[in-house]
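**Q** Dropping a structure here in structure tokens format, bear with me for questions.
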Amino acid sequence: MAITILVTGANGQLGNAIQQVAATLPASQYQFVFTNSSSLNITNEIAIQQIFSNQHFDYCINCAAYTAVDKAETEKANALATNATAVKFLAQACHQHQTKLIHISTDYVFDGTATTPYKTDANTNPINYYGQTKLLGEQLAFQENEATIIIRTAWVYSLHGNNFVKTMLRLMNEKESIGVVHDQQGTPTYAPDLAAAIVHIITTQLFKPGIYHFTNNGNTTWFGFAQAIANHIQTTCIVNAINTSQFPTPAKRPAYSILDVASFEKTFQYNIPQWQHSLTTCLSHL
């Protein structure tokens, strides 16, 4: 019997990357069902019950999320519905149908006051509404389904969708100089690396419930990230370092959100690439 995997949010960066990985696996052994907001409204409890009743899933990978961090400050109902209520519905269905849940969360569950990389058991204290809804989603997932893995990630980019790398490439092509904040520290995550790691958990059957952190290895700032992009494409655009206070946004961002990925690497016997290496890979494709 093939292992069946339901993937929500298939049109997003991570969902798209999982589709690429899935295409390399033998269809006789792994059957993926990819859904998006059009084919499966995860905020609709009846729709979720229906898809689980129609087909058995061994795993559910929830990549669907409301990720417009600034808009979440005003579109609170939408953010809450997708990032928390929908997770509850999915977790309930997973529990009812003996499905293992892999749910994607964020570094924004932390307040950014740390000075060393956040371990998985560090105190959470989100400073924006998006972070609050994602933390509630984590809590509801575990409350409804013990067979859950939460993977917190950060600064996701890829060839697909809207992200920092593609924005920088466009701005560097259009402008003589740009300003990028240098006082927010974190680690970029190449979506195909995270997708490969998630599929690795399934193919090796090393599923162990709990919270894990996954970003690429190493760390930088948004300014450092932008500089690395500029150096790779050899742009004439000048990248200037600015303070967060010079670039005000509706939602506050954590000043420090470097995640400790050691427990992921150890538990799942997985070596995560350095962020610079993965950025080079992405830019070579672009």
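**Q** Among 163, 189, 150, whose Cα projects farthest towards the positive end of the dipole of the range 143-197, with charges put on the beta-carbon of Lys, Arg (+1) and Asp, Glu (-1)?
**A** Result: 163.
**Q** Across bins of 5 angstrom width beginning at 0, how are the C-alpha pair distances of the range 97-256 distributed, in whole percent?
**A** 2, 8, 15, 19, 19, 15, 10, 6, 4, 2, 0, 0
**Q** Per-residue HN-Hα couplings for the range 269-286, Karplus 6.51 cos²θ - 1.76 cosθ + 1.60 at θ = phi - 60°, whole Hz, x for Gly and Pro?
**A** Per-residue couplings from phi come out as 6, 9, 9, 8, x, 5, 5, 5, 4, 5, 4, 4, 4, 4, 5, 5, 6, 6 Hz.
**Q** Moving on. Eigenvalues of the Cα gyration tensor times 5, then square-rooted: what semi-axes does that give for the range 167-284, in whole angstrom, largest first?
**A** The three semi-axes for the range 167-284 are 31, 17, 10 Å.
**Q** Further question: Over the chain, what relative contact order in percent results from Cα pairs under 8 Å that are six or more residues apart?
**A** Relative contact order here is 20 percent.
**Q** What do you get for Rg/Rh of the range 1-120 when both radii come from the Cα atoms and Rh is the Kirkwood radius?
**A** Ratio of gyration radius to Kirkwood radius: 1.01.
**Q** Next up: Where the only charges are on Cβ atoms (+1 Lys, Arg; -1 Asp, Glu), what is the dipole of the range 11-138 about its Cα centre, to the nearest 20 debye?
**A** 180
**Q** Would you give the gap between the C-alpha center of the range 254-281 and the C-alpha center of the range 201-247, rounded to a whole Å?
**A** The range 254-281 and the range 201-247 have Cα centres separated by 10 Å.
**Q** Over the Cα atoms of the range 65-129, Rg to Rh with Kirkwood Rh, two decimal places?
**A** Radius of gyration over Kirkwood radius for the range 65-129 works out to 1.04.
**Q** Can you find, among 48, 7, 99, the residue farthest towards the positive end of the dipole of the range 7-120? Put +1 on the C-beta of Lys and Arg, -1 on that of Asp and Glu.
**A** The one lying farthest along the dipole's positive direction is 99.
**Q** Can you tell me what share of the DSSP beta bridges in the chain is antiparallel? A percent to the nearest 5 is fine.
**A** Bridges in the chain that DSSP calls antiparallel: roughly 5 percent.
**Q** Another question, then. Once label points are set 7 Å from the Cα along Cα→Cβ at both residue 280 and residue 265, what is their separation, rounded to one decimal in nm?
**A** Distance between label points: 1.8 nm.
**Q** While we're looking at this one, here's another question. Just the number: Rg to Rh for the range 57-190, Cα atoms, Kirkwood Rh, two decimals.
**A** Result: Rg/Rh = 1.02.
**Q** Once amide H atoms are built 1.01 Å from N in the peptide plane, which residues 5 or more positions from residue 61, or in another chain, come under 5 Å H to H?
**A** 6, 7, 8, 102
**Q** If the viscosity is 0.890 mPa s and the temperature 25 °C, what Stokes-Einstein diffusion coefficient in µm²/s follows for the range 7-48 when Rh is the Kirkwood radius over Cα pairs?
**A** The Stokes-Einstein estimate is 221 µm²/s.
**Q** If you roll a 1.4 Å probe over the chain with all protein chains in place, what percent of the accessible area is carbon or sulfur?
**A** That fraction is 48 percent.
**Q** Another question, then. From Cα coordinates alone, what are the radius of gyration and Dmax values for the chain in angstrom?
**A** Cα-based Rg and Dmax for the chain come out at 18.7, 57 Å.
**Q** Let me ask another. Would you grab the residues whose amide H sits under 5 Å from the one on residue 217? Only those 5+ places off in sequence or on another chain, please, with H modelled 1.01 Å from N.
**A** For residue 217, the qualifying residues are 274, 275.
**Q** Tell me, what HN-Hα J-couplings in whole Hz come from the Karplus equation 6.51 cos²θ - 1.76 cosθ + 1.60 at θ = phi - 60° for each residue of the range 202-218, using x for Gly and Pro?
**A** So the J values, rounded to whole Hz, are 6, 6, 8, 6, 8, 4, 9, x, x, 9, 9, 10, 9, 9, 5, 6, x.
**Q** Sticking with this structure for a sec: Roughly how many whole Å is it from the C-alpha centroid of the range 137-196 to that of the range 14-76?
**A** 18
**Q** Could you give each residue of the range 50-60 its phi-based ³J(HN,Hα) in whole Hz, using Karplus coefficients 6.51, -1.76, 1.60 with θ = phi - 60°, and x for Gly or Pro?
**A** 5, 5, 6, 6, 6, 8, 7, 10, 6, 9, 10
The values are calculated or read from the model by the stated rules, or taken from the named source; none is laboratory data. Fair warning: this is a prediction, and the values are worked out from it, not measured in the lab. No Cβ is skipped: glycine too gets one built from the backbone with ideal geometry, and neighbour counts run over all protein chains shown. Just so you know, the surface numbers come from the protein's heavy atoms only, side chains and all, with ligands and any DNA or RNA stripped out. Shrake-Rupley method; radii C 1.70, N 1.55, O 1.52, S 1.80 Å.
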